[in-house]
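Peer 1: Quick one: the structure is below, and I'll ask about it shortly.
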Amino acid sequence: MGAPHRADRAAEQPSGAVGYAGVLRELLPIALWREDGHGRIVEWSLAAQDLLGFRPQDVLGRPASALLVPEGNHELADQLTHRVQGGETLVGTLSVRHRDGHPVTMETWIVPAADAQGRPGALLIAVETSQVLRMRDSLAALESLFSQSPIGLATLGADLRFLRVNDALARMNGVSAAEHLGRRLTEVVPGVNAVALEKTMQEVLDGGRAVVDVRRTGRTPADPGRERTWSCSYAPLVDGSGRTLGLIASLIDITESQQAEHDVERARRRFALLAEAGTRVGTTLDLRQTSEEIVRMLVPQLADSADVQLLEDAMSPDESTAATRGVIRRMAALFPDPAAPTARLLPGMTSRLERGSLYERVIAAGRPTNLYRSDVSALIPDPRADELRAYLMSLGSARLVPLVARGKALGAVVVTRLRSREPFDEQDCVLIDELAARAALNIDNALMYTRQRAAALTLQRNLTNSALPAVPGLELTGRYLPASEHDVGGDWFDVIALPEERTGLVIGDVMGHGIHAAAIMGQLRAAVRTLARLGIDPADMLRSLDALVADMGDDQLATCVYAVHDPASGGCLVARAGHPPPAVLSPGGSVTFLDGSPGTPLGTGGRQFGTEEVPLSPGGLLVLYTDGLIETRGRDLDQGLDRLARALRRPGRSLTALCDDVLAQMLPYPGQDDVAVLMARPQ
C-alpha cells in the first residue's frame, strides 16, 4: 500500500509503518491507517504521522478509539465501526485527535478490510479538510487563469510539444486549442519566428531559468494580412524534486502599443528634423547656399533625391522680360543614386514651363502633389529627355512641392524615393511640405536681401566717385571694397577740384549697412561737394556735416576726414570727425600717423573739430582709409596701424600697385567691414 518511502525513514520504522502516497505527497498529503477486528491499529502511514503527530511505534497495536477519537465522539466512532464491520463503506468529515490533543478535521473514507485472521477490519484514508479546500481553490484559480485570462497561456512538455493551450492563445494563433495538442510551435504557426522561439524555449529547459519579453513577430491564420508582434515569456515547470517537466509560456499581443511607440518615436524624429532644419537651412542670405542647404536637409533623411528649382522672374522681378517668364532654373540638386542622369540635373540649368503643364499648374495652384508614372511624360515633355524620363519611371515614389512664400510662387522642390524604400506616406508628405514651406520663406528672405543688396550696391557705386578727377600737383588712386558679396555699407571717398588749384580730399564711414547707410552716405557726399566749393575751412566743413547728420535723427552716426591740399604751400590742412588717423609717408620712407585731435563723430553734436597742417612734399604720400582696413576681430588698433605702416614702405612702386599691395597685405581674407582707401602723392 502506497509508494516506497525513503530508505533512511524505512530503517527507523517498526513493522506496520507504510510510506507516502506517491506524488500525492507533494500535492495532497493522504493519511492511511488500518484497524484489525478488535479496533487496534495494525498499519500506520508516514503521512498520517505528519498530519496527526503520532509515530508508528506510538500507535501500532493500540486501540484507535483511545488514541484518535476526541472526547465526546466515542459513541459516534462505535457506530461507524459497527457499520463498516458490517460491510458498509463510509465517506464523511470527521474530527480526529492530534497527538498534542487538538482536533483535526479530516475528509475521511472508511473501507471494510479483513485483518490477518480474516476478521472484519477497516482501512481509513483521510485528508485534512483545509488541505482539500486549498487544493480545490488552487485548481479553480488555475482553471480560471487558463480559461478566462486575456493573456495567451500554454504548457509544453520537455519535447516542446503543446500539452495545454488556453482560448486566448488559440485565438491569437488562429488555430483551435485541440489542434495545438501534441504539436510543436513550428508546426502550428510557421509564419512567425518559430525556430528562434523554440531555441529560446530549449535554453529555458536546459538552464532552468525564466526568460521574459522575447518578441514574436509575423503573421498567423488569425490575421494573415497583417504582421503582428507579441511579447513572450517562458518559465520552467519543475516538480518537488527539482526535475524539469516542461515549461509554461505566456504571450501578450503588443502590436498596437508597438505601433503607438513607433508613432511617438516618429513624431519625435519629425519635430527633431524640423528643429534641425531651423538651424541648418537659411544660415546665410545667399540664394544658392540656401537651396543647397534644403536638399541636404531632405536627403537622405526623408528622400533619396531632392531638386530645388526657382522661377527666373521670381529671382529677378525687376529685370524679367518675356524671354525669362516661365523659365525655371535649377538652384541645387542632390542625386546620390549612381543610376541618376546627373548630367541633365546640374545646378544652373534652365528649362521652360509649358503653359498648362502639370509642373506649371502645381506651382500656380500652390498645392503639393504626389507624382505617378503616368505623370512623367507630362512633367518632362522634352523629346530629348528620354534618359531622364526612364529614370523617373524607375523610382518608387515622388512628390512635387511648390515653394510659396507670402502668397508668391517662387518655384518648386521635387523629392523622390527609390523602390527599395517605402513610398512616402501621409506623415512623410506632411513633414516634406512643412520643410518646403519653411524653405520657401528662407528663399524669399534671401531673394529680398539679394535685391536690397543689389540696390544698395548700385546706389553705393553710383554715389562713389570711382573715376577720380585729374587735379594739379597730385597723383590719386582709390578703392572701395564691400564687406562681402552680400553686404554693402556706407564707406565712401571723393576728390573735389577747388579754386586756386587746391584739391579737397574726403573719406567717410556711415555707421550701418544696406540701402539706408548708402543713402546717408550719398547725402553726406553731396553736402561735402557743395560746401567744399564755397571754400570753407575743413573744421567748419565738419561742423556743418555734424549738424546735417544730427538732423537725420535715429541716432545716426558717421566718421569723416576732410583735407585740403594746396600745391602752393606744399601741404594739406586736415580735420577729423572721429575717424582713424591718416598716414603720411615721407620721401625717405618713414610712416607717421596724424596725432592731432581726432574730433567727435558726426551726429553727436560735439562740434569739437581741430585742424592739422601736414607737410606733403614730392615723393611723399597721404593715405586716407576707413576703419575696416586696420580693425579686425582679434586685432587691436595699434596692431592694425603697425601693419599698415609696414605695408606702405614699398618705395618705387606706382600708386596703383602700392594701393593693391596694401589691400592684399591688410586683407588676406574677406573683410568683416567695408573698406575705402584714398591715396594722394604730390607730383
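The values are calculated or read from the model by the stated rules, or taken from the named source; none is laboratory data. Everything quoted here is computed from the prediction, not taken from an experiment. Cβ placement follows ideal geometry from the backbone for every residue including glycine, while neighbour counts extend to all protein chains displayed. Ligands, DNA and RNA are excluded from the accessible area calculation, which covers all protein heavy atoms including side chains. Shrake-Rupley method; radii C 1.70, N 1.55, O 1.52, S 1.80 Å.
Peer 1: Would you mind stating whether Gly508 is under 21 Å from Asp555 (Cα atoms), within 49 Å of the chain's Cα centre (by Cα) and crowded, with 23+ Cβ neighbours inside 10 Å? Walk me through how you get there before you give the answer.
Peer 2: Details: under 21 Å from Asp555 (Cα atoms): yes; within 49 Å of the chain's Cα centre (by Cα): no; crowded, with 23+ Cβ neighbours inside 10 Å: yes.
No, not satisfied.
Peer 1: Mind checking which pairs have a first residue in segment 107-131 that is within 14 Å of Leu68 (Cα to Cα) and open to solvent by 20 Å² or more (accessible area, probe 1.4 Å) and a second that is of a type in the set (Val, Ile, Thr) and modelled with pLDDT of 85 or more, Cβ under 6 Å, 6 or more apart or different chains?
Peer 2: Filtered contacts from segment 107-131: no entries.
Peer 1: Pull up segment 256-291, narrow it to residues that are in contact with a strand residue (DSSP E or B) (Cβ under 8 Å, 6 or more places away or on another chain) and crowded, with 18+ Cβ neighbours inside 10 Å, then point me to the one that is nearest to Gly396 (Cα to Cα).
Peer 2: Start the filter on segment 256-291 by keeping residues that are in contact with a strand residue (DSSP E or B) (Cβ under 8 Å, 6 or more places away or on another chain), which leaves 258, 287-288, 291.
Those still in the list that are crowded, with 18+ Cβ neighbours inside 10 Å too: 287, 291.
Details: Leu287: 30, Ser291: 24 Å.
Filtering first and then ranking leaves Ser291.
Peer 1: Right, another one. Which one of the conditions (1) open to solvent by less than 40 Å² (accessible area, probe 1.4 Å); (2) at pLDDT 90 or above does Gly596 fail to meet, given that it meets all the rest?
Peer 2: Looking at each condition in turn, Gly596 falls short on (2).
Peer 1: May I pose another question? Any chance segment 616-630 includes a residue that's touching a helix residue (DSSP H, G or I) at 6+ places or on another chain (Cβ under 8 Å) and among the charged types (D, E, K, R)? Can you show your working first?
Peer 2: First pass over segment 616-630, keeping only residues touching a helix residue (DSSP H, G or I) at 6+ places or on another chain (Cβ under 8 Å): 621, 623, 625, 629-630.
Next cut, among the charged types (D, E, K, R) only: none.
Among the residues of segment 616-630, not one is touching a helix residue (DSSP H, G or I) at 6+ places or on another chain (Cβ under 8 Å) and among the charged types (D, E, K, R), which makes the answer no.
Peer 1: Kindly indicate whether Gln49 is surrounded by 19 or more Cβ atoms within 10 Å (Cβ to Cβ) and among the polar types (S, T, N, Q). Write out each step before concluding.
Peer 2: Details: surrounded by 19 or more Cβ atoms within 10 Å (Cβ to Cβ): yes; among the polar types (S, T, N, Q): yes.
Against the criterion (surrounded by 19 or more Cβ atoms within 10 Å (Cβ to Cβ) and among the polar types (S, T, N, Q)), Gln49 qualifies.
Peer 1: Can you tell me which residue among Gly589, Gly553 is surrounded by fewer than 16 Cβ atoms within 10 Å (Cβ to Cβ), touching a Lys or Arg at 6+ places or on another chain (Cβ under 9 Å) and of a type in the set (Gly, Ala, Ser)?
Peer 2: Details: Gly553 fails: touching a Lys or Arg at 6+ places or on another chain (Cβ under 9 Å).
The conditions single out Gly589.
Peer 1: Hey, any hits in segment 599-613 for a residue that's in contact (Cβ under 8 Å) with a residue 24 or more places away in the chain, in contact with a Ser or Thr (Cβ under 9 Å, 6 or more places away or on another chain) and among the aliphatic types (A, V, I, L, M)?
Peer 2: yes
For (1) farther than 13 Å from Ala306 by Cα; (2) of a type in the set (A, V, I, L, M), each residue gets a yes or a no:
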residue	(1), (2)
Val401	no, yes
Lys408	yes, no
Val413	no, yes
Arg417	no, no
Arg421	yes, no
Asp425	yes, no
Ala440	yes, yes
Met448	yes, yes
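Peer 1: With the condition kept exactly as written, say whether any residue in segment 369-379 is in a strand (DSSP E or B), touching a helix residue (DSSP H, G or I) at 6+ places or on another chain (Cβ under 9 Å), of a type in the set (A, V, I, L, M, F, W, C) and modelled with pLDDT of 85 or more.
Peer 2: no
Peer 1: Does at least one position in segment 192-212 carry a residue that is surrounded by fewer than 14 Cβ atoms within 10 Å (Cβ to Cβ) and in contact (Cβ under 8 Å) with a residue 60 or more places away in the chain?
Peer 2: no
Peer 1: Okay, moving on. When the residues of segment 157-171 are narrowed to those that are open to solvent by 30 Å² or more (accessible area, probe 1.4 Å) and in a helix (DSSP H, G or I), which ends up farthest from Gly246 (Cα to Cα)?
Peer 2: Within segment 157-171, the first condition is being open to solvent by 30 Å² or more (accessible area, probe 1.4 Å), and the residues that meet it are 158-159, 161, 163-164, 167, 171.
Cutting the leftovers down to in a helix (DSSP H, G or I) gives us 167, 171.
On the way: Asp167: 20, Arg171: 23 Å.
The extreme case among them is Arg171.
Peer 1: (1) over 22 Å from Lys408 (Cα atoms); (2) at pLDDT below 80; (3) outside any helix (DSSP H, G or I): which one isn't true of Leu388, the others all being true?
Peer 2: Condition not satisfied by Leu388: (3).
Peer 1: Residues to consider are Ala664, Ala647; find the one that is buried (at least 17 other Cβ atoms within 10 Å of the Cβ) and out of contact with any Pro (no Cβ under 6 Å at 6 or more places or on another chain).
Peer 2: Details: Ala664 fails: buried (at least 17 other Cβ atoms within 10 Å of the Cβ).
Going through Ala664, Ala647 in turn, the sole match is Ala647.
Peer 1: Return the only residue of Gly578, Gly589 being at pLDDT 90 or above and at positive phi. Step through it out loud before you land on a result.
Peer 2: Details: Gly589 fails: at pLDDT 90 or above.
Result: Gly578 is the single residue among Gly578, Gly589 that is at pLDDT 90 or above and at positive phi.
Peer 1: Show the residue pairs that are 6+ apart or on different chains and have beta-carbon atoms under 7 Å apart, the first residue being within segment 523-535 and in contact (Cβ under 8 Å) with a residue 12 or more places away in the chain, the second being open to solvent by 60 Å² or more (accessible area, probe 1.4 Å).
Peer 2: Gly535/Pro499
Peer 1: Quick one: is Arg502 touching a Pro at 6+ places or on another chain (Cβ under 8 Å) and either open to solvent by 10 Å² or more (accessible area, probe 1.4 Å) or among the polar types (S, T, N, Q) (or both)? Full working, then the answer.
Peer 2: Details: touching a Pro at 6+ places or on another chain (Cβ under 8 Å): yes; either open to solvent by 10 Å² or more (accessible area, probe 1.4 Å) or among the polar types (S, T, N, Q) (or both): yes.
Taking the combined requirement at face value, the residue satisfies it.
Peer 1: Since Leu641 meets every condition but one in (1) touching an Asp or Glu at 6+ places or on another chain (Cβ under 9 Å); (2) over 25 Å from Ala467 (Cα atoms); (3) not basic (Lys, Arg), which condition does it not meet?
Peer 2: (1)
Peer 1: Out of segment 251-295, which residues are among the β-branched types (Val, Ile, Thr) and farther than 30 Å from Pro347 by Cβ?
Peer 2: Ile252, Ile254, Thr255, Val264
Peer 1: If a residue must be of a type in the set (D, E, K, R) and open to solvent by less than 70 Å² (accessible area, probe 1.4 Å), how many such residues does segment 330-376 contain? Lay out the reasoning, then the answer.
Peer 2: Our first condition is that a residue be of a type in the set (D, E, K, R); within segment 330-376, this holds for 330, 337, 344, 352, 354-355, 360-361, 367, 373, 375.
Right, trim to open to solvent by less than 70 Å² (accessible area, probe 1.4 Å) and you get 330, 337, 360, 375.
Residues meeting the conditions: 4.
Peer 1: So if I check each of Leu435, Leu474, which one is among the aliphatic types (A, V, I, L, M), under 18 Å from Ala680 (Cα atoms), at pLDDT 85 or above and open to solvent by less than 50 Å² (accessible area, probe 1.4 Å)?
Peer 2: On the way: Leu435 fails: under 18 Å from Ala680 (Cα atoms).
After ruling out the rest, the residue left standing is Leu474.
Each row is one residue, and each column tells you yes or no for (1) touching a Phe, Trp or Tyr at 6+ places or on another chain (Cβ under 7 Å); (2) not in a strand (DSSP E or B).
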residue: Asp509; (1), (2): no, no
residue: Gly512; (1), (2): no, no
residue: Gln523; (1), (2): no, yes
residue: Ala526; (1), (2): no, yes
residue: Ala539; (1), (2): yes, yes
residue: Cys572; (1), (2): no, no
residue: His579; (1), (2): no, yes
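Peer 1: Residues in segment 36-45: is at least one assigned to a helix (DSSP H, G or I) and open to solvent by 20 Å² or more (accessible area, probe 1.4 Å)?
Peer 2: Step one: filter segment 36-45 for residues assigned to a helix (DSSP H, G or I), giving none.
Looking through segment 36-45, none of the residues is assigned to a helix (DSSP H, G or I) and open to solvent by 20 Å² or more (accessible area, probe 1.4 Å).
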